[in-house]
Amino acid sequence: MSNQKKIKKVRQKKDIIVPTFWQIFSSTFGTTIKIIFAVLLLTGAIVGGLGIGLVVGFVNSAYIITEDDLEIKTETTLIFDSEGIVIEKLTGADNINREQVGFASIPVHLQHAIVAIEDERFYDHQGFDIIRIGGSIVALVQGGGEISQGGSTLTQQVYKNITGRFEQTYERKFQEIYNAIILETKLDKNQIITKYANVINMGNGSYGVQSAAKMYFNKDVSDINIAEAALLAGIPNKPYEFNPYTEEGLEASIERQHLVLAKMLELDFITLEEYQEAYAYELVIIPKEDLLQADRPTTYFVDQVISDVITQIALEKGVTEGVASQWVYNNGYRIYTTMDSSIQASMDEVFNDSTFFPVIDEETGEAINYDAEKYAEIPQAAMVIIDQYTGEVKAIYGGNGEKIGSRTYDRATQAFRQPGSAFKPIAIYGPSIDLKLITAGTIVDDVPVRLDPKNPEDLYPTNYNAKLYRGLTSIRNALKASINVIAARVFVEYLGRDNCVDYLERVGIDRGEYIYDDSTVSVATGGLEKGVNPLLMASAFTAFANEGIYIPDHTYREVLDSKDNVVIKFNEPYVEAYSEQAAFIMTDLLQEVTKPANTSYWSNGTAYSQINIQDRAMPVAGKTGTTSDFWDKWFVGYTPHYTAAVWYGYDNIIAPIEITKPERNQALIIWNAVMNKVHEGKEPIAFSKPTTGIVERTICIYSGQIATDLCSLDPRVGSMPGVITEYFIEGTEPSYFDVCQVHQIIPQCPYSQDLYGRNLLANAECPEDEIIFKVGIVRPIPYIPMDPEDPLVRDMEFEIPVGEFCTVHGIQPETITDIINNDDSEPVPSEDNNN
């Protein structure tokens, strides 16, 4: 009978109704007879003779392998990128690389190769091979009682590999035969060869023919040819000797491959032509360095996805994270991630380039940061890129340079640092605009304030330049210039603690327990009791980039088990964090940060000097962040394609290290370098604008009101305008009758000045032909310094000193209405006349 017919007979075996001789033998009685027959053969030949009673004792004490034992407990988990390419293999605590396959996936020529070299009478015996046992007995006698030749069938090898019993003892051998006979009553031949193909050691940490085919040939096992099948079939006999990754091992494995092919030809598994073709076939072994090695550190992204999957499995399945971790590492899961390998490669390239982490001044040869040198620290950075339209995390990097360990400290996801002004858009301005408490044109006075209730005498907060206050400032310019005072005043005077906390939670940042009440002003400038990281910040900003919709960040799409059942799947609902109109206005405001000077108020945006994507063809919206102590630098920004956050600083292990002046643009430089690579070939499209709900008004940038002719005559207006067309959420725009009241023309005397050098108002006695009419500003709420030592406000020099009249000419009216209205009322007595 040919072997093909034998395979067919085995496949049809269960359909046979009339019991065969061996089926009768499969009863308890038959099994016992077979075992006695087998052990008598062995014991009868043992020199010195083992007692029959001892042999029976071996059998009686044997552990009977169960169906649960037959389930393979350790199987390689595969992690895929967003395109379905394997990026990591998790081989469990025992470092076993195993992928299971079904019988249908094992090519017939591989089955034949295995049978030919390992167990040529596989289709005829019932668990043990009498002829091979005879050979073992001869070897036993020749060896003086030492067990040297196994004689194990495929069924016996399944038992050995599942139980892990490989010791060379009589007890194990008798119990192995006993269990092999029992296994043959539970499994058919196809099931046995499938078990063998999945459990056998294939060398180099690989178990099973599927993982071996991928390791050595980069093929699915179903695609290997006869030559490759013969090589694989020959390895399990001595995996360390027949190792294709050593010169001697490759030579030995090819010699054994030839032996396998010869045996296949002898048994009529292949024709002479197939034998000759396979013998001559030039094997191509995949270089080991091209493989995903188990001892290679996992990437920052893989670390995060493992953590996320473990956490979610524990949550959904009601198990501990320890149990979930065991499942992830040992259960042969298929984890489909969101990682874009090309984006990750771009990020990797920059973070592994030391020029982005300077430590020595190239001109002087001196250390850039002496404290860092003193405390033996290097500069660090971290970055996350997210697709704002899906919430999918595309790339992560958590430190300076090459990653040297698996699941190590990741600054992108595990650090909690102060975000500085990068927090203002999500904590203050976005919420306030969405609630229609302010508009992009709302004016807040940037003047010295004291908003710390614990230290009411101290100026708090101060601006980046603690001595610079600019006066009347729109929200647009406050963001562009990153003015701390205005963010703090909006929090205190408009927004409040509860609204702030609510909107932060909408975009995934839960800090309610740390923002105590309306006096927690530090939140407005990013001073947090518990900080944030690039993942949290990038994720939060995606809501602006995605028309107000926040989709929670995630690193995986779904996780399947080895049988393709869904274990977990990302399905968190989206959140409407802001209205589409509010998100559009915030995006328009945040683009100012990357733009040059375009009004008379301020110069370039704080990120303009470093952010340049596609020669500025690609629009970028974002926000810089700097802590007051210079321990942290940030840039969080987005294009119409992706959102990204970069943090730069030091770990401060021994003591805090200030980022020095030469380093202070590095967060921007890194963001720009990575995103330029990421956007190569991307279309430079504009951010989308809502079709409804947005209106435009031409306003004065110093009053927020409808501009008048006087606004263009502001003394600060040169080549840059003081009037712009501003966007408003419909219903929040100024009325056309709400015209600018800040810019006014009032007669002034050129001979009389106040303490600040400003001309005082003219009175009736001032020479009429010398009175000057100059456009100045009148504050809606007068600013009076609380302390003479308070810094001056920049726009005070353009302010009309309302109520202060010329002291050089004639009797002084007490109020401006005296000169304008010729009010005849009696003057108010001075304090000197109040006796």
Positive-end residue, the range 537-680 charge dipole about Cα centroid, Cβ charges, pick of Ala673, Thr587, Ile568
Ala673
Ratio of the range 315-383's C-alpha Rg to 2.2 N^0.38 Å, to two decimals?
1.89
Distance-filtered residues of the range 475-508 - backbone nitrogen under 20 Å, label point 7 angstrom along Met720 Cα→Cβ
475-487
Estimated dipole of the range 531-620 in Debye, rounded to 20 [Cβ of Lys and Arg +1, of Asp and Glu -1, Cα centre]:
240
Please give, to one decimal in nm, the separation of the simple spin-label points placed at Glu316 and Glu768, each 7 Å out from Cα toward the Cβ.
8.8
Take the Cβ-Cβ distance between Glu363 and Thr271 as r, set R0 to 56 Å, and report the resulting FRET efficiency rounded to the nearest 0.05.
0.15
Report the residues of the range 413-444 in range of a label on Asp510: point 7 Å along Cα→C-beta, backbone N strictly under 19 Å from it.
413-417, 427
Place a +1 charge on the Cβ of each Lys and Arg in the range 716-772 and a -1 charge on the Cβ of each Asp and Glu, then give the dipole magnitude about the Cα centre in debye, rounded to the nearest 20.
220
Residue pairs, from the table Lys403/Lys569; Lys661/Lys682; Lys403/Lys480; Lys480/Lys661; Lys219/Lys263; Lys195/Lys569, whose Cα atoms sit over 26 Å apart
Lys403/Lys569; Lys661/Lys682; Lys403/Lys480; Lys195/Lys569
Taking a ≥ b ≥ c as the square roots of the Cα gyration tensor eigenvalues, with a/c under 1.5 meaning rounded and otherwise prolate when a/b beats b/c or oblate if not, the range 640-799 comes out oblate
Roughly how big is the range 692-822's charge dipole about its Cα centre, with Cβ charges of +1 (Lys, Arg) and -1 (Asp, Glu), in debye to the nearest 20?
240
Which one of Tyr638, Phe737, Ser719 is farthest out on the positive end of the charge dipole of the range 621-745, using unit charges on Cβ (Lys, Arg +1; Asp, Glu -1) and the Cα centre as origin?
Tyr638
Here the residues of the range 602-621 lying in the modelled label zone of Asn465, meaning backbone nitrogen under 17 Å from a point 7 Å along Cα-to-Cβ, are 602-609
Obtain the nm distance between the two label points defined at Glu402 and Arg664 by a simple spin-label model: each point lies 7 Å from its Cα along the Cα-to-C-beta direction.
3.5
Loop only per DSSP, at most 11 neighbouring Cβ atoms within 10 Å: give me the GluC sites (Glu not before Pro) in the range 501-588, ordered by residue number.
Glu513
Say the dipole of the range 255-411 comes from +1 at the beta carbon of Lys and Arg and -1 at that of Asp and Glu; which of His258, Tyr329, Val302 then lies farthest toward its positive end?
Tyr329
So which trypsin sites (Lys or Arg not before Pro) in the range 279-357 are both in a DSSP loop and have at most 12 other Cβ atoms within 10 Å of their Cβ?
none
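Bear in mind that the values in this text are calculations on the coordinates, not laboratory data. All figures in this text were calculated on a predicted structure; none of them were measured in a lab. With ideal geometry, Cβ positions are generated from the backbone for all residues, glycine too; neighbour counts draw on all protein chains shown.
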